[in-house]
Amino acid sequence: MLNALNTIAAISTAVGNGGIGVVRISGELSLKIGEGISGSKLIPRVANFHNFKDSQDNLIDQGLILFFPAPNSFTGEDIIEFHCHGGTVVTQSILEICLEMGADLAEPGDFTKRAYLNNKIDLTQAESVADLINASTAEAVKSAANSLSGKFSIEINNLLKNLIELRMYVEACLDFPEEDIDFISEGKVKDKLKKLSKIMTNIMHSASQGQLLRDGISLVLVGQPNVGKSSLLNQLSGEDKAIVTEIPGTTRDLISSNISLNGIPLNIIDTAGLRKTDDPIEKFGIEKTWSSLEKGHIALFLVEAASGITEYERSILKKLPKDIKKIWIFNKIDLIKEKAQITTDNNEKIVYLSAKTGDGLDLLKQVILNSIGFDNNEGNQNKFMARKRHLEALEKVFKSLKNAESNIDSAELVAEELTISQRYLSSITGEFTSDDLLGEIFSKFCIGK
């Protein structure tokens, strides 16, 4: 926990020169420092123009000062914000005066951490502050904002409420072991467990998509040499990222491009063609291809439309990671006068296109979005941002709920599994969270936030 007497200060705007700079202070010395620098009594929540002076009464700058008294502030403490000109020296000078007057330099994430510790926001909302700042697409911004507004927290807290009620009922049953009543059946505990599991499945699906929005989706272009992987990368990225020739094996190292598809961040990776070779450099490139596939979300498997899927592609399929999604791309339709289209074979999508002309590219984008559940823009507005730790906790909750169902004949075991579920679910919003985890989360924030 933080020292309640500690006052922190930091420059909240980005490093470098700009039109406006903001220096923020939080803690019990904030008002004293603010009035000392301005030489005036500050009125809460009123932006007033002031001279900013140092301890020697030298004028440093002129600007606005805002005072947000506790507890109705972001951190729950007294907060002062100096809105000055955005020069690096100006903001640094004001910060140094704050430090001279008793404030300590804030660590990364200190302000948001105080907001969490003072119960202004929960842990998922605190994490969404950093996610909002680091969002790379408009869709990621919307999802982070949903989390910041408490959408994810509401989902978790509603589930937690139902789980606690069920646990309390089961534990109450344990207090009447001699009664000739089957409390588990009477209370429809199994049905309620199944209902909780179903809700968990929906939340896990939304959280999985939230993690993809945060971390991005990795698309790996894979196939034999000269099937058009580099041409497709250039089409998707809208620029000549990769060298395109008719010489097989031109691409030897990984080439990646970050793009936004309907607001979804995608990282497209062009890889070396998979084939047997004695060239040591090309061999190394092929090893990198397999490594990328291990980490990828979707494999875009290219073949020539004229030849289709051959025994060679089938042999590669056996080596692909089991969890990776596959989209077949029948390329070079311009050479066989085939039309761009989407077909299905064994529940796997096949997109006919020309990476050279771009014909069918929109169909491929549609299939990519469909495969990761981002095909409905209206539904996307309700998504929330999630992290790996959230998914891991949700998976443990789901496992414990299933264990409770399996042990429905033992009230003791059901109660134990529900207790475990409650603990993992509470860790998401930070109700039960170790100090080590808090340090890890807030250390990744920028200073001044």
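Would you point out which residue out of Lys325, Lys288, Lys349 is modelled with pLDDT under 80, of a type in the set (D, E, K, R), assigned by TED's automatic domain parsing to the domain that holds Ser237 and out of contact with any Pro (no Cβ under 8 Å at 6 or more places or on another chain)?
Values: Lys325 fails: modelled with pLDDT under 80; Lys349 fails: modelled with pLDDT under 80.
After applying the criteria, what remains is Lys288.
Report the residue count in the stretch 385-419 for those that are within 19 Å of Glu165 (Cα to Cα) and among the small types (Gly, Ala, Ser).
Looking only at that region, the number is 5.
Results for (1) of a type in the set (A, V, I, L, M); (2) assigned to a helix (DSSP H, G or I); (3) closer than 23 Å to Gln125 by Cα; (4) modelled with pLDDT of 85 or more, shown as yes or no for each residue.
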position	(1), (2), (3), (4)
Phe152	no, yes, yes, yes
Asp175	no, no, no, no
Ile184	yes, yes, no, no
Leu236	yes, yes, no, yes
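Identify, from the list Ser12, Ser40, the residue that is out of contact with any helix residue (DSSP H, G or I) (no Cβ under 6 Å at 6 or more places or on another chain), over 18 Å from Thr91 (Cα atoms) and assigned by TED's automatic domain parsing to the domain that holds Ala103. Working first, answer last.
Details: Ser12 fails: over 18 Å from Thr91 (Cα atoms).
The match here is Ser40.
If we keep just the residues of the stretch 257-274 that are among the hydroxyl-bearing types (Ser, Thr, Tyr) and at pLDDT 70 or above, which is farthest from Glu139 (Cα to Cα)? First the steps, then the outcome.
Going through the stretch 257-274, the residues among the hydroxyl-bearing types (Ser, Thr, Tyr) turn out to be 257, 260, 271.
Among the residues that remain, those that are also at pLDDT 70 or above are: 257, 260.
Working: Ser257: 18, Ser260: 9 Å.
Checking each candidate, the answer is Ser257.
I need the full set of residues from the stretch 300-356 which are surrounded by fewer than 17 Cβ atoms within 10 Å (Cβ to Cβ), out of contact with any helix residue (DSSP H, G or I) (no Cβ under 8 Å at 6 or more places or on another chain) and in a loop (DSSP other than H, G, I, E, B), in order please.
The answer is Ser307, Gly308, Ile309, Thr310, Lys318, Lys322, Asp323, Ile336, Lys337, Asn346, Asn347.
Scan the stretch 401-449 for residues that are modelled with pLDDT of 65 or more, in a helix (DSSP H, G or I) and among the hydrophobic types (A, V, I, L, M, F, W, C) and report the count.
Selection size over the stretch 401-449: 12.
Residue under question is Ile37, and the condition is that it be at pLDDT 95 or above, among the aliphatic types (A, V, I, L, M) and over 36 Å from the mean Cα position of the chain (by Cα); does it hold?
Values: at pLDDT 95 or above: yes; among the aliphatic types (A, V, I, L, M): yes; over 36 Å from the mean Cα position of the chain (by Cα): yes.
Considered against the rule, which asks whether it is at pLDDT 95 or above, among the aliphatic types (A, V, I, L, M) and over 36 Å from the mean Cα position of the chain (by Cα), Ile37 comes out as yes.
Of the numbered conditions (1) under 36 Å from the mean Cα position of the chain (by Cα); (2) more than 21 Å from Asn72 (Cβ to Cβ); (3) part of a strand (DSSP E or B), Thr13 fails exactly one; give the number of that condition.
Only one criterion in (1) under 36 Å from the mean Cα position of the chain (by Cα); (2) more than 21 Å from Asn72 (Cβ to Cβ); (3) part of a strand (DSSP E or B) is unmet by Thr13, namely (3).
If Gln62 passes every condition in (1) of a type outside the set (Ser, Thr, Tyr); (2) closer than 24 Å to Asn6 by Cα; (3) modelled with pLDDT of 95 or more but one, which one does it miss?
Of (1) of a type outside the set (Ser, Thr, Tyr); (2) closer than 24 Å to Asn6 by Cα; (3) modelled with pLDDT of 95 or more, only one is false for Gln62: (2).
Any idea which residue in the stretch 60-90 is farthest from the chain's Cα centre (by Cα), counting only those that are surrounded by fewer than 18 Cβ atoms within 10 Å (Cβ to Cβ), polar (S, T, N, Q) and more than 18 Å from Ile37 (Cα to Cα)?
Checking each candidate, the answer is Thr88.
Taking the stretch 98-149 only, how many residues are buried (at least 17 other Cβ atoms within 10 Å of the Cβ), of a type in the set (D, E, K, R) and part of a helix (DSSP H, G or I)?
So the count comes out to 7.
Taking Asp57 and the conditions (1) touching a residue at least 24 places away in the same chain (Cβ under 8 Å); (2) on the phi > 0 side of the Ramachandran plot, which numbered condition does it fall short on, given that it satisfies the others?
(1)
Considering only the stretch 16-49, state which residues are part of a helix (DSSP H, G or I) and charged (D, E, K, R). Before you say what the answer is, go through the steps one by one.
From the stretch 16-49, those part of a helix (DSSP H, G or I) are 30-38; that's our starting set.
Passing the criteria: Lys32, Glu35.
Could you check, for the stretch 330-345, whether at least one of its residues is touching a residue at least 24 places away in the same chain (Cβ under 8 Å) and under 29 Å from the mean Cα position of the chain (by Cα)? Give the steps one after another, and end with the answer.
Within the stretch 330-345, the first condition is being touching a residue at least 24 places away in the same chain (Cβ under 8 Å), and the residues that meet it are 330-336, 338, 342.
Narrowing further to those that are under 29 Å from the mean Cα position of the chain (by Cα): none.
For the stretch 330-345, residues touching a residue at least 24 places away in the same chain (Cβ under 8 Å) and under 29 Å from the mean Cα position of the chain (by Cα): absent.
The values are calculated or read from the model by the stated rules, or taken from the named source; none is laboratory data. From a predicted model like this one, the values you see are computed outputs, not experimental measurements. Note: ideal-geometry Cβ built from the backbone for every residue, glycine included; neighbour counts use all protein chains shown.
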